[in-house]
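Single-structure report; data block below.
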Amino acid sequence: MSNQAPNDTRVIPLRPATVPGPALAPRQAPPAPRSKEPLWRDLVGDVLRRERLAQERTLKDVADAARISMPYLSELERGRKEASSEVLAAAARALGLGLTDLLSLAQDELTRLSELRPARSRTTANPRYNGLCLAA
């Protein structure tokens with residue numbers, strides 16, 4: 001008995017077969033990569049750091065006032081951690097802000113960054129909505 005597969009085995013190619021010769025069209029360059037959307041945690045972290053530095057306060061001072069660890073606050077500011085609403089509220093209070101102030105400043109930063117990015121074509125002619133919407 002032979003272990004070889006019969007010649008009539010059906011093979012489904014993963015790539016389309018190429019035809020050699022002049023029938024091939026020249027390869028097109030891949031589309032230019034789109035600039036990445038900013039992450040919410042990066043925006044919030046930037047606002048926390050900017051507010052802390054504007055008040056000339058140390059990480060330790062703000063972390064102690066917010067009752068969170070200094071390394072965790074550092075990771076929040078660098079956008080490495082996604083904070084809960086309770087932690088964000090505590091960090092905002094430690095900086096003399098309300099949670100709404102913090103989120104509003106982050107939304108302003110998002111709006112500013114989106115205006116700097118090249119506009120993508122939209123299929124609808126709806127006016128741009130400049131509001132804040134958070135969903136859980």
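The values are calculated or read from the model by the stated rules, or taken from the named source; none is laboratory data. Keep in mind it's a predicted model, so treat the numbers as computed, not measured. Don't worry about glycine lacking a Cβ; one is built from the backbone with ideal geometry, like all the others, and counts go over all protein chains shown. Surface areas here come from the heavy atoms of the whole protein model, side chains and all, with no ligands, DNA or RNA. Shrake-Rupley method; radii C 1.70, N 1.55, O 1.52, S 1.80 Å.
Which of the residues that make up region 108-119 are part of a loop (DSSP other than H, G, I, E, B) and touching a residue at least 12 places away in the same chain (Cβ under 8 Å)?
Within region 108-119, 117, 118 qualify.
For region 81-107, the set of residues classified as in contact (Cβ under 8 Å) with a residue 12 or more places away in the chain and in a loop (DSSP other than H, G, I, E, B) consists of 81, 82, 83, 95, 96, 97, listed by residue number.
Of the residues making up region 59-79, those that are farther than 10 Å from residue 90 by Cα and assigned to a helix (DSSP H, G or I) are 59, 60, 61, 64, 70, 71, 72, 73, 74, 75, 76, 77. Selection of region 17-39 for residues being at pLDDT 65 or above and either among the small types (Gly, Ala, Ser) or open to solvent by less than 70 Å² (accessible area, probe 1.4 Å) (or both) yields only 38.
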